Amino acid sequence: MVLEEQILHYYLKVFSIFFFIVFLFFLLLLNSSLNKNIKLKYTIIKIEKNENFSNIILNNFEQINALDFIIFKNYYKFLNYFNDTIVHYGNFDINKNISIIEFINIINKPSNILNKITIVDGWSKKRLDLELSKHFESYSSINFNEILADTYYYNNEKTFDDFLIQLKKFKDNYIAQYKSNDFFKKYDENDLLVIGSLIEKEGLDYYDKKLISSVIMNRLQKNMRLQIDASVIYALTNGNYDLNRKLSFKDLKTKNIYNTYVNYGLPPSPISYVSTKTIDIIFENYKTDFLFYFYNSLLKRHVFSKNYKNHLHKLNEYRKSK
């Protein structure tokens with residue numbers, strides 16, 4: 001009996017040593033397989049929505065042997081069991097030689113390739129729709145008062161709705177930093193964007209926009225009609241097309257809520273997208289005594305005046321010189 005116990009103990013010891021060696025070998029094999037660099041077929045890989053991990057491996061790695069494939073697949077299942085590892089879809093920029101551990105760490109995060117959309121100040125909805133169509137299969141027109149013109153970055157995983165939320169949040173946060181500005185003692189956010197859109201459509205550059213901003217604020221303070229040509233063009237086209245002709249005196253008399261030659265005060269809503277730089281100009285409240293301006297095509301700039309008499313004099317001189 002004692003001998004049998006000794007023999008049993010001996011075999012258990014041998015088995016334990018054998019099992020330990022096999023287990024150690026398995027761990028070394030696992031570590032080697034998971035950490036060795038394997039060549040990808042492409043540096044930019046695309047993962048489709050809901051694509052399973054096995055297909056991702058087979059579609060993107062070169063010459064995966066059966067053992068490695070089994071290890072990779074089960075390693076991912078192991079991670080998923082404990083950490084709910086999620087494979088994100090989209091495009092990923094990945095080093096061509098990479099271990100499976102590094103690979104999973106990358107695709108477990110949103111796409112590391114950022115797309116860029118620049119919304120240009122003064123754009124119409126039609127122009128932005130054209131830009132959005134290049135980036136999203138499904139989208140809708142964005143109102144002028146919903147967002148600010150700027151450059152935005154997003155990854156491929158974002159839907160249009162996600163992108164729009166990003167833009168709206170940026171606008172809200174940007175304007176909120178000016179909540180104590182004196183502008184809001186008399187005007188609201190819609191007024192801000194309406195004034196900004198008029199400046200965008202009229203202004204030629206940063207300094208020109210500052211001067212036009214001062215004219216608009218001066219005229220509003222004196223309860224004068226703004227008489228801004230861009231508002232007449234919008235009244236005629238609704239922003240759907242370019243007028244491609246000069247305004248006539250008949251146009252200036254067009255009865256439309258956006259025509260600032262006919263109506264006092266501000267139009268009811270913006271006539272274009274407004275940039276952050278123009279928002280800054282308005283809040284700066286640049287001061288001048290100017291009340292009038294016109295575009296001098298010879299000088300290729302706007303000419304400003306403090307009163308109508310001076311404005312008319314400059315305008316007649318310009319007409320004579322043409």
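What follows is calculated from the coordinates using simple rules that are stated; it is not laboratory data. This structure is a prediction, so every number in the text was calculated from the model and none was measured. We place every Cβ from the backbone using ideal geometry, glycine too, and count neighbours over all the protein chains shown.
Per residue, how big is the convex hull around the C-alpha atoms of the chain? Give it to me in cubic angstrom, could you?
Working: hull volume 64.3 nm³, N = 322.
Convex hull of Cα atoms, per residue: 200 Å³.
What whole-number distance in Å separates the alpha-carbon centres of the stretch 243-322 and the stretch 51-98?
Rounded to whole Å, the Cα centres lie 61 Å apart.
In nm, give the distance between the simple-model label positions of Asp280 and Thr159, each being 7 Å from the Cα along the Cα-to-Cβ direction.
Reported label-point gap for Asp280 and Thr159 is 3.5 nm.
With a length cut of 27 Å (Cα positions projected on each helix's long axis) and a Kyte-Doolittle mean of at least -0.5, go through the chain and give me the DSSP H helices that pass.
On the way: long enough: 2-35 (49 Å, 1.48).
Qualifying helices, which must be both long enough and hydrophobic enough, are 2-35.
Determine one quarter of the surface area of the Cα convex hull of the stretch 192-321, which equals its mean projected area, and express it in nm² to one decimal.
Details: hull surface 31.4 nm².
Directional mean of the projected Cα hull area for the stretch 192-321 stands at 7.8 nm².
Obtain the nm distance between the two label points defined at Asn35 and Asn55 by a simple spin-label model: each point lies 7 Å from its Cα along the Cα-to-C-beta direction.
3.3 nm
Over 22 Å between Cα atoms, which of Lys246/Lys309; Lys126/Lys210; Lys277/Lys306; Lys246/Lys320; Lys255/Lys277; Lys222/Lys287 qualify?
Too far apart for the 22 Å limit: Lys246/Lys309; Lys126/Lys210; Lys277/Lys306; Lys255/Lys277.
Starting with the highest mean, order 273-284, 242-253 by the number of other Cβ atoms within 10 Å, averaged over the residues of each peptide.
On the way: 273-284: 21.0, 242-253: 10.6.
Descending mean neighbour count gives 273-284, 242-253.
Give the relative contact order (percent, whole number) for the chain; include only Cα pairs under 8 Å separated by 6+ residues.
Computed over the chain, the figure is 15 percent.
Could you tell me the calculated FRET efficiency between Asn65 and Asn173, based on Cβ-Cβ distance and R0 = 51 angstrom, to the nearest 0.05?
0.50
Length gain on complete extension for the stretch Phe26 to Gln227, per 0.36 nm per residue less the alpha carbon to alpha carbon distance?
So the chain would gain 64.2 nm between Phe26 and Gln227.
Taking the Cα atoms of the stretch 114-174, report the difference between the largest and smallest coordinate on each principal axis, in whole Å and largest first.
Answer, in whole Å and largest first: 25, 25, 16 Å.
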